[in-house]
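Novice: The structure follows.
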Amino acid sequence: MSEPVRLAKTVVALTSCSRREAELYIEGGWVTVNGQVIEEPQHMITDQKVELLPDAKPEPIDLVTIVMHKPEGYDSDEGDKPAWKLLSPESRVTEHTDPAVRTLRRHFARLTVPMRLAPNASGLLVLTQNFQVVKKLTEDASKIEQEYVVDVTGTIAEGGMEQLNLGITANGWRLPGCKVSWQSEQRLRFAAKDIRAAQIESMCEAVGLKTSVIKRIRIGQIAMSKLQPGQWRYLPGFKRF
């Protein structure tokens, strides 16, 4: 049996490329060891079969932004049930507008969630490796409109819709620029800037309604589209919130 060596060193010998190019091949998911893709240049091998996949390119890995449909009961990032654990190649949904991105395990690491959802809420969640996206959704949160659909029970109080559109919560706080309308007999649509599930619950409580489902379907210009609970897609670089 041969002495263990770093996978990157083997790729250099296999392709006559530089060490940096070998690392880029591996990090880009272009190298297999006994048929399994390995993304860690430091991975140690002995006599395994190492191959380079067709169309391999030694290119730097771009930082990604992911949008997913967080199911109810999951935490946005930390907690016992973080939503990122649902990310996998199998749960990815591709659309014609999606960037041509190969799914890599490293895309699921070091993700930040700048606009969290409460565990009892579901819907559109943004997870990103890109500091610029984090900065945009953090510093400009008060300027970005969010849209929710909310299922309710009970009978709305007289003048309740006017109060909801004024953004008045049960404790008397007022949210500016709130737009609320009926979508059906049991479903309301909320569109407002810097609004959270707890505030929606409080607003509904103030007018005699109880929320059963709170789902975010849009952040700025980014819509959840047809993603089902647990599904995700890459956000194209040209998209803006």
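The values are calculated or read from the model by the stated rules, or taken from the named source; none is laboratory data. Everything numeric in this text was worked out from a predicted model, so none of it was measured. Here the Cβ positions follow ideal geometry from the backbone for every residue, glycine too, while neighbour counts run over all protein chains shown.
Novice: Among (1) surrounded by fewer than 16 Cβ atoms within 10 Å (Cβ to Cβ); (2) more than 24 Å from I26 (Cα to Cα), there is one condition D62 misses while meeting the rest; what is its number?
Specialist: It fails just one condition, (2).
Novice: Another question, then. Return the residue satisfying two criteria in turn: it lies in the stretch 116-143 and is of a type in the set (V, I, T) and outside any helix (DSSP H, G or I), and of such residues it is surrounded by the fewest Cβ atoms within 10 Å (Cβ to Cβ).
Specialist: Selected residue: T128.
Novice: Of everything in the stretch 149-164 that's surrounded by fewer than 17 Cβ atoms within 10 Å (Cβ to Cβ) and of a type outside the set (D, E, K, R), which residue is nearest to F241 (Cα to Cα)?
Specialist: My answer is M161.
Novice: Would you say I219 is at pLDDT below 95, within 30 Å of L63 (Cα to Cα) and crowded, with 18+ Cβ neighbours inside 10 Å?
Specialist: No.
Novice: Also: Which residue is nearest to L104 (Cα to Cα), if the candidates are limited to the stretch 66-91 and must be surrounded by fewer than 18 Cβ atoms within 10 Å (Cβ to Cβ) and small (G, A, S)?
Specialist: If we take residues in the stretch 66-91 being surrounded by fewer than 18 Cβ atoms within 10 Å (Cβ to Cβ) and small (G, A, S), then S88 is nearest to L104 (Cα to Cα).
Novice: Moving to a separate point now. Looking only at the stretch 13-27, decide whether some residue is assigned to a loop (DSSP other than H, G, I, E, B), touching a residue at least 12 places away in the same chain (Cβ under 8 Å) and not assigned by TED's automatic domain parsing to the domain that holds N120.
Specialist: Yes: one or more hits.
Novice: Looking at the stretch 34-54, which of the residues that are under 30 Å from the mean Cα position of the chain (by Cα) and part of a strand (DSSP E or B) is surrounded by the most Cβ atoms within 10 Å (Cβ to Cβ)?
Specialist: Step by step, filter the stretch 34-54, then rank; the result is V37.
Novice: To continue, here is another question. Scan the stretch 194-204 and tell me whether some residue there is under 21 Å from K226 (Cα atoms), touching a residue at least 12 places away in the same chain (Cβ under 8 Å), hydroxyl-bearing (S, T, Y) and buried (at least 17 other Cβ atoms within 10 Å of the Cβ).
Specialist: For the stretch 194-204, residues under 21 Å from K226 (Cα atoms), touching a residue at least 12 places away in the same chain (Cβ under 8 Å), hydroxyl-bearing (S, T, Y) and buried (at least 17 other Cβ atoms within 10 Å of the Cβ): absent.
Novice: Further question: If K81 satisfies every condition in (1) free of Cβ contacts under 8 Å to residues at least 40 places away in the same chain; (2) outside the structural domain of P229 (by TED's automatic domain parsing) but one, which is the exception?
Specialist: Of (1) free of Cβ contacts under 8 Å to residues at least 40 places away in the same chain; (2) outside the structural domain of P229 (by TED's automatic domain parsing), only one is false for K81: (2).
Novice: A follow-up question, please. Which count do you get for residues in the stretch 1-48 that are at negative phi, small (G, A, S) and modelled with pLDDT of 90 or more?
Specialist: 5
Novice: Based on this model, can you work out whether Q146 counts as at pLDDT 95 or above and surrounded by fewer than 17 Cβ atoms within 10 Å (Cβ to Cβ)?
Specialist: So Q146 fails the test.
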